[in-house]
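Notes follow once the structure below has been shown.
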Amino acid sequence: MADDKDVLRDVWFGRIPTCFTLNPDEVTEREAEPYYLLLPRVSYLPLVTDKVKKHFLKVMRTEDVEEIWFEHEGTPLKWHYPIGVLFDFHASNTVLPWSITVHFKNFPDVDLLHCPSNSVVEAHFMSSIKEADALKHKSQVVNDMQKKDHKQLWMGLQNDKFDQFWAMNRKLMEYPTEEGGFRYIPFRIYQTTSDRPFIQKLFRPVSTEGNPHTLFDLLKEMCPDALTKDGEEKRFQVVIHGIEPLLETPLQWLSEHLSHPDNFLHICIIPTPTD
């Protein structure tokens, strides 16, 4: 892969200042102070909220505690989406710190998957990596890895170890030079205007004529409404890791440098703020 290590590092160390407050309906023995934390964009809520949980448990009785879950302005936050995706999709145009409400009761089964332990997060994460590699290399790279290599990817993410993770993840980002890119680009497009959780289809990084496909080409095929037509005001922002990449950026480069650790390119299409 083209080694823009600074980009990989910037993506990995992206943080979101967050304020956690306890849902006022929870029964507490004394008032619960808010808890502030810098959340890593590339991680998942269950991996980084142990301190939040401990903080609020101090003011609660054991019998009032069930499974912890989080919401932002009435929307339950799906733990199996990367934190950065949750923020970009639900809160990217709100004032920082990001305001998250903590619940210990009335788990919303309809909206959220249960997450009894971090091993559930690990299983979800590894399944995403395998799915991405099936698209990129027909699963050849991930199948050639040993169990300890899979563990190294997971431990790198869980313990926030950039070098440990990327020493192994590099292999998942390689491809034969003559092919000009992966077989297909693993991506998910999230839209606030759609009832579907996300769009995920087969899309090659290079056209049949051998030209690199760009972010514009992907959007034009998958969700043309997100693009601004000549003469009209910009209605949507196309956000990856909190930034709006140029639409002419090659998809292959984006996939190598702006994918989340699960090896998917997560693209949020959100309404342009009106203020």
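The values are calculated or read from the model by the stated rules, or taken from the named source; none is laboratory data. Keep in mind the model is a prediction, meaning the values are calculated, not measured. Ideal geometry is used to build each Cβ from the backbone, glycine not excepted, and the neighbour counts take in all protein chains shown. Areas reflect the complete protein model, heavy atoms only, side chains present, ligands, DNA and RNA absent. Shrake-Rupley method; radii C 1.70, N 1.55, O 1.52, S 1.80 Å.
In the set (1) open to solvent by less than 90 Å² (accessible area, probe 1.4 Å); (2) over 18 Å from the mean Cα position of the chain (by Cα), Lys220 fails one condition alone, (1). Does at least one position in the stretch 138-156 carry a residue that is among the charged types (D, E, K, R), assigned to a loop (DSSP other than H, G, I, E, B) and in contact with a strand residue (DSSP E or B) (Cβ under 7 Å, 6 or more places away or on another chain)? No, that holds for no residue.
Being out of contact with any Cys (no Cβ under 7 Å at 6 or more places or on another chain), hydroxyl-bearing (Ser, Thr, Tyr) and in contact (Cβ under 8 Å) with a residue 40 or more places away in the chain, is that true of even one residue in the stretch 200-211? So far as the stretch 200-211 goes, no, none of its residues is out of contact with any Cys (no Cβ under 7 Å at 6 or more places or on another chain), hydroxyl-bearing (Ser, Thr, Tyr) and in contact (Cβ under 8 Å) with a residue 40 or more places away in the chain. Pairing each residue of the stretch 105-117 that is in contact (Cβ under 8 Å) with a residue 60 or more places away in the chain with any residue that is of a type in the set (Asp, Glu) and assigned to a loop (DSSP other than H, G, I, E, B), provided the two are 6+ apart or on different chains, yields C-beta distances under 8 Å for Lys105/Asp25; Lys105/Glu26; Lys105/Glu66; Cys115/Glu67. Checked against the criterion of being farther than 23 Å from Ile189 by Cβ and modelled with pLDDT of 95 or more, the candidates Lys161, Lys105 yield just one match: Lys161.
If a residue must be surrounded by fewer than 16 Cβ atoms within 10 Å (Cβ to Cβ) and part of a helix (DSSP H, G or I), how many such residues does the stretch 58-84 contain? So the count comes out to 3. Of all the numbered requirements in (1) in contact with an Asp or Glu (Cβ under 7 Å, 6 or more places away or on another chain); (2) under 25 Å from Arg9 (Cα atoms), Thr101 misses one, and that requirement is (2).
Can you confirm whether Leu215 is within 22 Å of Asp4 (Cβ to Cβ), of a type outside the set (D, E, K, R), in contact (Cβ under 8 Å) with a residue 12 or more places away in the chain and not assigned by the TED database to the domain that holds Leu47? Yes: the conditions hold for Leu215. Report the residue count in the stretch 85-122 for those that are aliphatic (A, V, I, L, M) and crowded, with 20+ Cβ neighbours inside 10 Å. Number of matching residues: 6. Summed over the stretch 66-80, the residues that are in contact with a His (Cβ under 8 Å, 6 or more places away or on another chain) and over 16 Å from Asp50 (Cβ atoms) give a count of 6. Filtered by the rule that a residue be polar (S, T, N, Q) and touching a helix residue (DSSP H, G or I) at 6+ places or on another chain (Cβ under 8 Å), the stretch 208-242 gives a lone residue, Thr214.
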